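Encoded as structure tokens, the structure appears first; notes follow it.
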Amino acid sequence: MIQLRNVEKFYETGAGRTYVLRRVNLDVREGEFVSVMGPSGSGKTTLLSILGMLDSAFGGEYFFTDKAVHKLSHKERAALHKRYIGFVFQSYHLIDSLTVRENLEVPLSYRDMKRAESEALVADALDRFQIVGKKDLFPNQLSGGQQQLVAVARAVIHNPKLLLADEPTGNLHSGQGREIMELFKQLNDAGTTIIQVTHSETNASYGNRIVQLSDGWVVNEEGEGAAG
Amino acid sequence: MRTLWQDIRFGARTLLKSPGFTLVAVASLAVGIGANTTIFSLVNAALLRPLPLVRDESRLVDVNRTRPNGDRFAQVSYPDYLYFRDHADVFDGLAAYDFTPLSLSAGGEAERVRGMLASANYFDVMGVKPARGRFLLPDEDRAPGGAGVAVISHQLWQRRFGGGEVVGRQVSINGHPFTVVGVAPEGFKSPFIYLAPDVYLPLTAQAQAMPGSDLLGDRGAGWLGLRGRLKDGASVEQAQATLSVLAGQLQTEFADVERGQGASVRPIGHVPGEVRSAVVGFMLTLSVVVGLVLLVACANVAGMQLARAFARRREVAIRTALGATRGRVVRQLLTESLLLFLVGGGLGILLAVWMNDLLMAFRPAGTLAVEFNLDVDWRVLSFTLAVSFLTGLVFGLAPALTASNPDVSATLKDAAPRGGGRASRLRGAFVVGQIAISMVLLVAAALCVQSLRSAARINTGFEAEGVYLATVDLSLQGYDETRGREFFRRLKERAAALPGIESATLARSVPLSGLAFGERVRVEGHEPPAGEPPPFVLSNTVDEDYLRTLKVPLLAGRDFRATDAEGAPRVAVINETMAARYFGGREAVGKHFTLLAAPTLRGVGRREDVGVEVVGVVADGRYYTLGEAPQPFMYLPLAQNYGGMLTLHVRAPKDAAAPVLAAVRREASAVDPEVPLTGVMPMTEAVGFSLIPLRLAATVVGALGLFGLLLAALGVYGVVAYTVGSRTREIGIRVALGAQAGDILRLFMRHGVVLAAVGVCLGTAGALALTRFLASLLYGVSATDPVAFAVVALVLAAVALVACLVPARRATKVDPMVALRYE
Ligand SMILES: Nc1ncnc2c1ncn2[C@@H]1O[C@H](COP(=O)(O)OP(=O)(O)OP(=O)(O)O)[C@@H](O)[C@H]1O
Ligand SMILES: [Mg+2]
């Protein structure tokens, strides 16, 4: 599904180029559940953004379902993104001026969905994530963990083929974190390809593969993960 | 004081830090305030400014007669004036005056000048001193013919006599010799600030100044304006009481002419009493229009400040955390706003000075010329200062209060989550207001422009292009009819003989030039119902070749010819409407009607009934205004109806204006150098006279409307751009959640489109309510013309759309990574 070939990413800074990703080669097959790990600042979020087609300023080649993403126009890339990808941000990025329910509706509103269907999906998500009671609150009226739950719910609500999650449990109680991981596992079993960034070995153990990043280099790629 | 200075310094620094905002704001305010300053200078000049040089004008009063018909501003006859002057003990002096055109020659070409007949005490009463020589002496005011003395204006002295020695100089006025005895001081006007005579003659020179009439002995003829200076201690009420008593005495003594006539005394005003309410109304309308523009400008600036205030919550929060009270913060922000408005006001004054010069260019020239002093004086300055200060305060307050709200972010998040809350709703309201006001102004301008276009299409019934005019008034020159006829015959002959001239003719008036004559007629079988006057028909007295020169189509019968001479049977050519109304159409040729005798005024008028035969029928035309309905009109032959003031019409090649006019001038002065020519101009210009108000309205309102449109566009742009800016992060999130460029565009366009739609709706309602005040100016277009409304609405909508599109497109270009990184 995903092939990265010599992907590089740098920023022009006063001192010249600062490389954030260096010659990253990565293959992810459909149905995989990959965990990306590494120290802070090693380029995990950057990698995820490139995979999520939110960042197009990179060097190298990126093939997604055989399409050469690095050659696509802005418009084509946006269309591809819309069709396949769900994204959980490290810092949640809920829309402050919308309620929880409205935040959940946003991805659906961009996907030509009938009103009834979209309402049913939102109700279902509220229920599954146990945030029904919070549906009319605004993000700033939620705790950090609750916001993270909403962000995850929003990323999966339209049932994306590829779920990219940047530390989806960073602010959650370990019990809640486990529930999210269980949910990811179920989604993965149902066919969703998942790439998550995590600092937790436990979370990584839900996946079947770990990619280690250090200073922008993929230092070690483990095969089929230890635990199932 | 020290903190105020700090506030000012800090405010100036903040403004300089965002030069784009400051520039747009100051420019908007400069135009808005400048437009208001211009109109105020007009109000100031017409209504407020004191008469220059006049001593203690609070002691001056105007005296008029009151008539049984309700007229309260009637002029006074000479004998009555003398009676008032000699018997009213409340005045230090009571002066009389009348304006009258004069023909002046002092060697070289004669010219028509603005003259005034004045009583000898006129200058005393006004309280001015001569610049040269002396003013009139009481004796000269009694001697018949005004003792042959004249006073001239400073301006004429400089212009005509080069400022050289002029006292004692002989001049010829209306062909009579006068000696210049003095020069009035520079800048001295008259009882009216916008009229300044060039030549002053004693009242007793009336017969010379107005040949053909003798008003001095006529108690029934009111022609004088009276202005008195109250004695110390005398009040206007006392003067009124005294004059009423004197008027009563006149009534008893001269019952036949004085019946029902009283006297009215009131403090002086610049505008003659009878037109004052019209002038005030006109000024008020103008003030409202420019007031609206200022409102648009202020709303725009306030909107921009509001956006900045919102963005400056952080700065305010820090200040508050450092111990600033809310009042202190508001004051800081208000100071900034005031600074902005005062700088705008300062530039506005400069702009006004420039616009005043422009306005002066629109004022009619020639004998109708009015003098306006539109200089910026302390009144104008204080007005502008007050306007700038007040608008700065009022429109700075909302942004200041919003920014200083200590928990503004909390309010925004909890109470008004959608659309950004109170501040942005307020901004939206400002923008809606701007669009609505621009719509009103633009609709008004569009109606004027449409009128001008339909005016150009109107078939006037004659062809003005290629015709050149020169008017000669022999009546001032003391020509009798025989000499006058000879003069005009030779003038016409010489003009016709000029190379390139196709034809030449003479006529008493020029159609559509603001001057028209007419008489009452009697037509057999068309007697008016009892008690009603016979029909009044507009007419022109014309020479042979008139119809040919102006290309007026002859439909039946014949044009005038040489045989229609003085002793021959009286004839007339009438237009289609008159023929249809009274004579059953073209069979009118050969029918008869009667021109009725009319009371003579200043020696002009038909003394006895005259029967005439219709010899021709011509096509209808427009005679007085372009917008008039077809009306009866008749041409009378010049040979049978002499007048001392005639206009030479010559037809020449279309582009020959300058040489033709110069040649006509030369020929006229070859016939008699003492005779002044007036109104030497292409006929198209004379005909355009009736369009001047429309042109002025179209120009002024159009300019203001375009400016309003620009401001409204800036307003829409500002609101949408600001929304885009403050929602960058949200855009990033939405893109990450699958929003396509079109989705983002729609999101932000919707905001602007709603604002524009509401604005256009309100503007349409406003325009429907207001444009009917324009109706009297319009030709061939209704004040609610759907085309004008639709076009303006579309233009506004299009401009508003573009104004949203620019920032909305920028929103689609937002890079989600950058947007989301930036916390
Ligand atoms: N706009 C930028 N300009 C320069 N450097 C940048 C920019 N954005 C990110 N970086 C750098 O890129 C590197 C990788 O950042 P990234 O967010 O991918 O790290 P991360 O692995 O996700 O870290 P964390 O675990 O803390 O989230 C960092 O060193 C960061 O400083
Ligand atoms: Mg990260």
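Just a few scattered comments:
- Pair B:Asp218, B:Leu554: separation of 7 Å Cα→Cβ label points (nm): 3.9 nm
- Inverting the pair-averaged 1/r between distinct Cα atoms of the stretch B:1-142 gives 21.2 Å as its Kirkwood hydrodynamic radius.
- Debye intensity ratio I(q)/I(0), log10, chain A, q values 0.07, 0.12 Å⁻¹ (C-alpha model): -0.22, -0.66
- Entry note, chain B: relative contact order of 16 percent, from Cα contacts under 8 Å with a spacing of 6+ residues.
- Once the Cβ-Cβ distance of B:Arg142 and B:Asp480 is raised to the sixth power relative to R0 = 25 Å, the FRET efficiency obtained is 0.30.
- Relative to the longest principal axis of the Cα atoms of chain A, the long axis of helix A:174-189 lies at roughly 70 degrees.
- Around B:Val781: net Lys/Arg minus Asp/Glu count, Cβ-Cβ under 13 Å: +2
- Checking every one of the GluC sites (Glu not before Pro) in the stretch A:20-61 against DSSP loop status and a limit of 12 other Cβ atoms within 10 Å picks out A:Glu30.
- Amide H contacts under 5 Å for B:Arg169, placed H, 5+ residues apart: B:Val180
- In the stretch A:1-108, the trypsin sites (Lys or Arg not before Pro) that fall in loop regions by DSSP, at most 14 other Cβ within 10 Å: A:Arg29
- Mean Kyte hydropathy of 0.5 or more with a Cα span along the axis of at least 27 Å, helices from DSSP in chain B: B:19-43, B:276-311, B:326-360, B:378-404, B:421-457, B:692-726, B:741-770, B:786-812
- Cα-based helix-to-principal-axis angle, A:74-84 vs chain A, degrees rounded to 10: 60 degrees
- With all projection directions averaged, the alpha carbon convex hull of the protein assembly as shown covers 60.4 nm².
- Within the stretch B:58-269, the ratio Rg/Rh, alpha carbon atoms throughout and Rh by Kirkwood, equals 0.99.
- For the stretch A:24-40, Karplus couplings with θ = phi - 60° (6.51, -1.76, 1.60), whole Hz, Gly/Pro x: 7, 10, 8, 10, 10, 8, 4, x, 7, 10, 9, 10, 9, 10, x, x, 4
- Annotation: extensible slack from B:Ser172 through B:Asp377 equals 69.9 nm (criterion: 0.36 nm per residue apart, minus Cα-Cα distance).
- Taking only the C-alpha atoms of the stretch B:467-689, Rg followed by Dmax gives 17.5, 56 Å.
- Scalar couplings 3J(HN,Hα) for the stretch B:531-536, obtained by applying the Karplus form with A = 6.51, B = -1.76, C = 1.60 to θ = phi - 60°, are x, 9, x, x, x, 9 Hz; x denotes Gly and Pro.
- Rg over Rh [alpha-carbon atoms, Kirkwood Rh] for chain B: 1.07
- Selection of GluC sites (Glu not before Pro), the stretch B:442-515, meeting DSSP coil and at most 15 other Cβ within 10 Å: B:Glu463, B:Glu465, B:Glu502
- When only alpha carbons are used to place a centre, the stretch B:20-63 and the stretch B:185-214 end up 29 Å from one another.
- Cα-centre dipole for the stretch B:638-710 with unit charges at Cβ (Lys and Arg positive, Asp and Glu negative), debye to 20: 220 debye
- In chain B, taking the dipole from charged Cβ atoms about the Cα centre, the farthest positive-side position among B:Ala239, B:Gly585, B:Val343 is held by B:Val343.
- 0 to 90° range, to nearest 10: angle between helix A:100-109 axis and chain A longest Cα axis: 60 degrees
- Mean separation of Cα pairs under 8 Å and 6 or more residues apart, divided by the residue count, gives the stretch B:496-584 a relative contact order of 27 percent.
- Gap separating the Cα centres of the stretch B:751-823 and the stretch A:142-187, nearest whole Å: 45 Å
- Label-point separation, B:Leu397 to B:Tyr642 (7 Å along Cα→Cβ), nm: 7.5 nm
- Across the stretch B:100-252, the relative contact order, built from alpha-carbon pairs under 8 Å that are at least six residues apart, equals 28 percent.
- Cα-based Lys proximity count in the stretch A:2-223, under 22 Å, for pairs eight or more positions apart or on separate chains: 18
- Taken as Cα centroids, the stretch A:70-85 and the stretch B:123-170 sit 93 Å apart, rounded to the nearest whole angstrom.
- Computed from point charges on the beta carbon alone (+1 for Lys and Arg, -1 for Asp and Glu), the dipole magnitude for the protein assembly as shown about its Cα centre is near 2820 Debye.
- Near B:Ala657, once Lys and Arg are set to +1 and Asp and Glu to -1 for all other residues with Cβ below 13 Å from its Cβ, the sum equals 0.
- Distance between the modelled labels on A:Phe63 and B:Asp256, one decimal in nanometres: 12.4 nm (7 Å Cα→Cβ projection).
- Placing +1 on each Lys and Arg Cβ and -1 on each Asp and Glu Cβ, with no other charges, gives chain B a dipole about its Cα centre of roughly 4800 debye.
- Annotation: average projected area of the stretch B:187-227 is 3.7 square nanometres, based on the convex hull of Cα atoms across all directions.
- Put simply, when B:681-687, A:146-152 are sorted by average Cβ atoms within 10 angstrom per residue, most first, you get A:146-152, B:681-687.
- Mean residue ellipticity (222 nm) of chain B, computed from DSSP H runs ≥ 4 via -39,500 (n - 2.57), nearest 500: -16000 deg cm²/dmol
- Local charge for B:Ala629 was computed over the other residues whose Cβ lies under 11 Å away, with Lys and Arg +1 and Asp and Glu -1, and equals -1.
Values in this text are rule-based calculations from the coordinates and carry no lab data. These numbers were taken from a predicted model, which means no experiment stands behind them. Cβ: placed from backbone, ideal geometry, glycine included. Neighbour counts: every protein chain shown.
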